[in-house]
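Worksheet: one structure, shown below.
The values are calculated or read from the model by the stated rules, or taken from the named source; none is laboratory data. Quick caveat: nothing in here was measured; it's all calculated off a predicted structure. Virtual Cβ from ideal backbone geometry, glycine too; neighbours counted across all protein chains shown. In case anyone asks, the SASA skips ligands and DNA or RNA and just uses the protein heavy atoms, side chains included. Shrake-Rupley method; radii C 1.70, N 1.55, O 1.52, S 1.80 Å.
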Amino acid sequence: MSASIVTLLVLAGSAVAMLWLPEKISVDAYKSAFVALDAYRTTHPEENPRYLAVVDFTKPSFIKRLALIDLKTGEEFFYRVAHGKNSGELFASWFSDTSESNMSSLGLYKVLETYSGDHGKAMRLEGLEPSVNSNAFSRDIVLHSAEYVSLRYIFINLLTLNGPRIGRSNGCFVVSPHAIDEVVQKLNHGAFLYAWADSK
């Protein structure tokens, strides 16, 4: 058997194994998200969200690293989510709130209205943390879907030796087209989103 065939088989086996990897959000990401949300609600007691989305950017992009938490029941739903192309490749390592940086931003966001844009159904976001994500609205950082968040792109990147990653965005939070309806349905009633990365 030729070396190239062996390599392809190993890559295919790795990709199949990824289908069975568990969703993963770190304890620190959860804690930081709830601290941020509680602090915001202290000064905005009128806010009573049903859902909180937590993105753990310390996890590789092929992992379902977006946890959507039902704050009433504790139930959780997990999704793959892309990071900005200038934030890193497999992992997001660099972050910015600067226009045209094509990087992801961290911190707490309020989910605003749903609209139809270049990528179909999408949700506008308001960054709530000055110097961290407060330019999100003017940067057009939104939550939308794209075909590059898929197992197909993981396979393509494996076969082209670009690592087992999904595609990357211009800084937006991007989920699979198969997930967007479910995500929007849950987040469209005053929900919040928190993006976390280890400060170390």
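Of Ser116, Ser169, the residue with the largest accessible area leads and the full order is Ser116, Ser169 (1.4 Å probe). Mean residue ellipticity, 222 nm, helices only, the chain: the sum of -39500 (n - 2.57) across DSSP H runs of n ≥ 4, divided by residue count and rounded to 500, is -8000 deg cm²/dmol. Mean-square fluctuations from a GNM of the chain, with a 10 angstrom spring cutoff on Cα atoms, peak among Tyr153, Tyr79, Tyr115 at Tyr115.
Enumerate the aspartates and glutamates that Lys24 could reach by cross-link, defined here as Cα to Cα under 18 Å, with residues fewer than 8 away along the same chain left out. Filter leaves Asp56, Asp70, Glu75, Glu76, Asp198. Across the cross-link table entries Lys59/Lys121; Lys64/Lys121; Lys72/Lys121; Lys31/Lys72; Lys64/Lys110, which are compared at the Cα atoms, the separations over 23 Å belong to Lys59/Lys121; Lys72/Lys121.
Considering only Val149, Ile69, Thr43, and ranking their Cα positions along the charge dipole of the chain that arises from unit charges at the beta-carbon of Lys, Arg, Asp and Glu, the one farthest toward the positive end is Val149. At an R0 of 35 angstrom, the distance between the Cβ atoms of Ser26 and Thr98 translates into a FRET efficiency of 0.85.
Accessible surface for Ser150 stands near 30 Å², nearest 10, in the context of the full protein assembly shown (1.4 Å probe). Estimated at 0.36 nm per residue, the fully extended path between Glu182 and Glu113 surpasses their Cα-Cα distance by 23.3 nm. In this calculation the C-beta distance from Phe137 to Leu161 is compared with R0 = 35 Å, giving a FRET efficiency of 0.40. When all protein chains stay in place and ligands, DNA and RNA are ignored, the 1.4 Å accessible-area order of His189, His178, His119, His144, largest first, is His178, His189, His119, His144. Think of each Lys and Arg Cβ as +1 and each Asp and Glu Cβ as -1; about the Cα centre, that makes the dipole of the stretch 61-107 roughly 140 debye. By DSSP, the beta bridges lying fully in the chain are antiparallel in about 70 percent of cases. In terms of its Cα atoms, the stretch 74-118 spans 31, 24, 22 Å along the principal axes, sorted from long to short.
The dipole here belongs to the chain: it is taken about the Cα centre, uses +1 on the Cβ of Lys and Arg and -1 on the Cβ of Asp and Glu, and is about 440 debye. Each Lys or Arg adds one and each Asp or Glu takes one away; over the other residues whose Cβ falls under 14 Å from the Cβ of Lys186, this sums to -2. In terms of accessible area, using a 1.4 Å probe and ignoring ligands and nucleic acids, Trp94, Trp196 rank largest first as Trp94, Trp196. Once the chain is represented by equal point scatterers at the alpha-carbon sites, with solvent omitted, what log10 I(q)/I(0) does the Debye formula produce at q = 0.10 Å⁻¹? Scattering profile of the chain, log10 relative to I(0): -0.41.
With contacts taken as Cα pairs under 8 Å and at least 6 residues apart, the chain reaches a relative contact order of 25 percent. Across the stretch 39-108, counting alpha-carbon atoms alone, Rg and Dmax equal 14.4, 39 Å.
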